[in-house]
Amino acid sequence: MLSNLNFGLTRAPACIIFGPGQRDAAALHAARLGRRALLVTDARLSANPDFAALRDALAGAGLETATFDGVEAELPVACIEAGARAGRDHEADMVLAIGGGSCLDAAKVIALLLSHGGRPQDYYGENKVPGPVLPLIALPTTAGTGSEVTPVAVLADPERAMKIGIASPYLIPTISICDPELTLSCPPGLTAVSGADALTHAIEAFTTLRRDANPDLSTDHVFTGKNAMSDLFALEAIRLIAGSLEQAVRAGNDLEARAAMSRGALLAGLAFGVAGTAAAHAIQYPVGALTHTPHGAGVATLMPYVMAWNHAYCEAELAQIGSAMGLDATGDTHADALAAIREVARLFKAIAIPETLEELGLADSLLDQVARDSLGAERLVKNNPRPLDLDGMSRIVAAAQTGNLDNLLAQNEISNQKVAMP
């Protein structure tokens with residue numbers, strides 16, 4: 001029997017197009033997918049000249065278009081349902097999304113509802129989508145979520161305290177067109193938060209628990225744990241993002257830095273789209289709900305603390321992350337793993353990511369609630385390389401609240417040898 005180390009899985013759009021100016025290919029591809037396109041974006045982008053040019057190009061290719069520009073941050077269910085109504089009114093046979101992660105996620109769920117009916121709530125969780133959705137073209141304008149290649153959409157439901165996800169391979173866009181020129185207007189703060197989100201995706205994908213490669217692993221689960229294919233994407237994403245994030249924040253007109261960030265975010269999406277994410281994302285769900293702060297800022301704030309908690313269970317992987325970030329390897333895996341944790345913390349501080357949950361606005365009185373609610377994100381918790389119970393989650397949250405990274409590292413210092421996976 002082959003070792004689990006040889007198991008690999010990739011799920012991706014039928015076509016991924018990358019490069020400056022490639023947004024001009026959208027109309028050509030759309031003409032092969034349908035005749036009546038629903039364009040999904042937000043109010044700011046719908047007034048952008050790039051959007052007008054895209055709409056004109058689609059008309060020139062013979063498509064009839066309608067625009068839904070009511071996408072709102074955090075994706076309330078009502079916004080999704082309004083988009084689906086717009087699609088039904090237009091009798092759309094395809095969807096084209098341009099924007100950040102919220103716009104792309106909205107388009108995924110709208111395409112789902114146009115194909116299968118019902119309400120978003122009918123599909124919460126994993127593998128609840130019964131079949132293919134309308135053809136979808138995704139054009140990201142930020143380098144962050146990787147939603148242009150992932151099988152998941154996250155939205156906010158007023159009936160639930162935290163954001164909720166719909167996960168299915170059927171949600172992966174048909175065509176992803178990543179044109180880094182579309183990210184040039186992204187402001188520094190959003191560039192930092194989005195890029196930190198992408199790096200967190202790659203780090204968590206590379207350090208998730210490796211599962212037994214049973215024959216049903218790829219059919220019964222959307223997120224299957226780290227594997228030989230996701231690792232390739234994750235490490236290259238880490239290299240690209242770590243090498244370009246500070247420059248993209250400082251000099252937003254640097255197309256080389258923007259291109260590296262866009263490619264890194266895409267690859268991180270390909271990695272976590274099968275491997276999944278873990279504790280940083282699990283904790284961010286209640287933190288985001290309680291503080292109303294951006295998802296990317298939350299997961300990035302938490303990432304060094306989660307790495308510190310996990311380090312004895314994934315030292316080799318953390319050392320590889322350090323090398324991908326450009327750190328010189330010492331040959332001491334334990335020391336190199338610790339250096340990687342500190343480098344992630346340094347990079348995030350350099351781009352003004354909050355260093356503590358307190359800076360995000362989390363009150364001390366809510367720490368116990370955050371720890372308890374984090375454990376409710378079972379699909380994320382089970383991916384974590386180190387087992388998590390309430391005590392462990394509480395330790396991570398307490399350290400992240402006060403910024404006591406050194407103390408968390410000291411608490412979890414077991415030895416300089418990798419602990420066997422449970």
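In table form, for the structure just shown:
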quantity	calculated
Unmet requirement for residue 154, which otherwise passes all of (1) among the β-branched types (Val, Ile, Thr); (2) open to solvent by 10 Å² or more (accessible area, probe 1.4 Å); (3) farther than 24 Å from residue 76 by Cα	(3)
Some residue of segment 126-146 being more than 30 Å from residue 199 (Cβ to Cβ), open to solvent by less than 10 Å² (accessible area, probe 1.4 Å) and assigned to a helix (DSSP H, G or I)	no
Counted residues, segment 45-86 - those being in a helix (DSSP H, G or I), in contact with a helix residue (DSSP H, G or I) (Cβ under 7 Å, 6 or more places away or on another chain) and either of a type in the set (D, E, K, R) or open to solvent by 50 Å² or more (accessible area, probe 1.4 Å) (or both)	2
Members of segment 87-117 found to be open to solvent by 20 Å² or more (accessible area, probe 1.4 Å), part of a helix (DSSP H, G or I) and small (Gly, Ala, Ser), listed by number	102, 115
Residue 226 among the basic types (Lys, Arg) and crowded, with 20+ Cβ neighbours inside 10 Å	yes
Test: residue in segment 346-359 that is within 20 Å of residue 248 (Cβ to Cβ) and of a type in the set (Asp, Glu)	no
Meets criteria (over 15 Å from the mean Cα position of the chain (by Cα) and assigned to a helix (DSSP H, G or I)) for residue 244	yes
Pairs with Cβ under 7 Å, 6+ apart, first in segment 136-150 and closer than 17 Å to residue 95 by Cβ, second open to solvent by 10 Å² or more (accessible area, probe 1.4 Å) and of a type in the set (Lys, Arg)	139/23
Considering residues of segment 1-44 that are of a type in the set (Ser, Thr, Tyr) and modelled with pLDDT of 95 or more only, the residue least open to solvent (accessible area, probe 1.4 Å)	41
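The values are calculated or read from the model by the stated rules, or taken from the named source; none is laboratory data. Model, not experiment: these values are computed from the prediction. Positions of Cβ are backbone-derived with ideal geometry, glycine not excepted, and every protein chain shown enters the neighbour counts. In case anyone asks, the SASA skips ligands and DNA or RNA and just uses the protein heavy atoms, side chains included. Shrake-Rupley method; radii C 1.70, N 1.55, O 1.52, S 1.80 Å.
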